[in-house]
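*Asks:* First, the structure itself, so that you have it in front of you.
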Amino acid sequence: MDKVLRGHHLLCVHGFRGMGYSPAFIEKMASIVKDIRDEKKDFFITTVEAFDDACMACPHKGAAECEAGEGANEHVLGMDAKVLRHLGLQHGQQYLKSDILKLTAEKVVPDDLDTLCANCSWLSYGVCKEGIANLRKKDIDEPKKKPALQTSKK
């Protein structure tokens, strides 16, 4: 169940609405998003500035870098770095999904995407900002309705 997600995909999952680069990519991203949005599931996510689980189904995945177009690899790596830095996360580290969602809700406002995701082709659709707004509303504006995550010590 554990997942590997690149920095910018930590934000994309909140706005995903079934659009994508190919049917295979859409199917893979939908599966990831379903698990991320499932409040009953908690699992570890390894955060990276590199290919991740979603990229494995992308038609632009080259042998070593994104081949979506000139400068695409540098662009996505830059977004990854900005998002991880903004959230205070590290490349190659594992974090609980619930902790990443809480950090995202606390540290990212919709207008942050104008900087974090500058020049992303999906930003103009508005679904990403809407997804972040919905996450914040659920996790910040209604905190008393949601029980605290329980942990056990072994």
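*Asks:* Got a sec? Which of Cys12, Cys58 is buried (at least 20 other Cβ atoms within 10 Å of the Cβ) and farther than 21 Å from Leu101 by Cα? Full working, then the answer.
*Replies:* Numbers: Cys12 fails: farther than 21 Å from Leu101 by Cα.
None of the others qualify; the one that does is Cys58.
*Asks:* Out of all the residues in the stretch 96-116, which are crowded, with 17+ Cβ neighbours inside 10 Å and either of a type in the set (Ser, Thr, Tyr) or in a loop (DSSP other than H, G, I, E, B) (or both)?
*Replies:* Listed by number, the residues that qualify are Thr104, Val108.
*Asks:* From the list Lys28, Lys41, Lys34, which residue is surrounded by 16 or more Cβ atoms within 10 Å (Cβ to Cβ) and either at positive phi or among the basic types (Lys, Arg) (or both)? Outline the logic, then answer.
*Replies:* Values: Lys41 fails: surrounded by 16 or more Cβ atoms within 10 Å (Cβ to Cβ); Lys34 fails: surrounded by 16 or more Cβ atoms within 10 Å (Cβ to Cβ).
Residue meeting the stated conditions: Lys28.
Condition check ((1) aliphatic (A, V, I, L, M); (2) closer than 18 Å to Arg136 by Cα; (3) in contact with an Asp or Glu (Cβ under 9 Å, 6 or more places away or on another chain)) across all residues:
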{"position": "Tyr21", "(1), (2), (3)": "no, no, no"}
{"position": "Phe43", "(1), (2), (3)": "no, no, yes"}
{"position": "Met56", "(1), (2), (3)": "yes, no, no"}
{"position": "Leu77", "(1), (2), (3)": "yes, no, yes"}
{"position": "Lys82", "(1), (2), (3)": "no, no, no"}
{"position": "Gln93", "(1), (2), (3)": "no, no, no"}
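*Asks:* When residues of the stretch 33-87 are filtered for being under 23 Å from Asp114 (Cβ atoms), part of a strand (DSSP E or B) and over 14 Å from the mean Cα position of the chain (by Cα), how many remain?
*Replies:* Of the residues in the stretch 33-87, 1 are under 23 Å from Asp114 (Cβ atoms), part of a strand (DSSP E or B) and over 14 Å from the mean Cα position of the chain (by Cα).
*Asks:* Another question about this same structure. Filter the stretch 117-134 for residues that are in a helix (DSSP H, G or I) and either of a type in the set (Phe, Trp, Tyr) or in contact with a Leu (Cβ under 7 Å, 6 or more places away or on another chain) (or both); which is farthest from Met19 (Cα to Cα)? Break it down into steps so the answer makes sense when it comes.
*Replies:* Restricting attention to the stretch 117-134, the residues satisfying the condition of being in a helix (DSSP H, G or I) are 123-125, 127-134.
Restricting the remaining residues to those that are either of a type in the set (Phe, Trp, Tyr) or in contact with a Leu (Cβ under 7 Å, 6 or more places away or on another chain) (or both) gives 123, 125, 128-129, 132.
Working: Leu123: 12, Tyr125: 10, Cys128: 12, Lys129: 15, Ile132: 17 Å.
The extreme case among them is Ile132.
Each value in this text was obtained by applying a stated rule to the coordinates, not by laboratory testing. Predicted model, so just to flag it, every value in this text is computed and none were measured. Methodologically, a virtual Cβ is constructed for each residue, glycine included, from the backbone with ideal geometry; neighbour enumeration extends over all protein chains shown.
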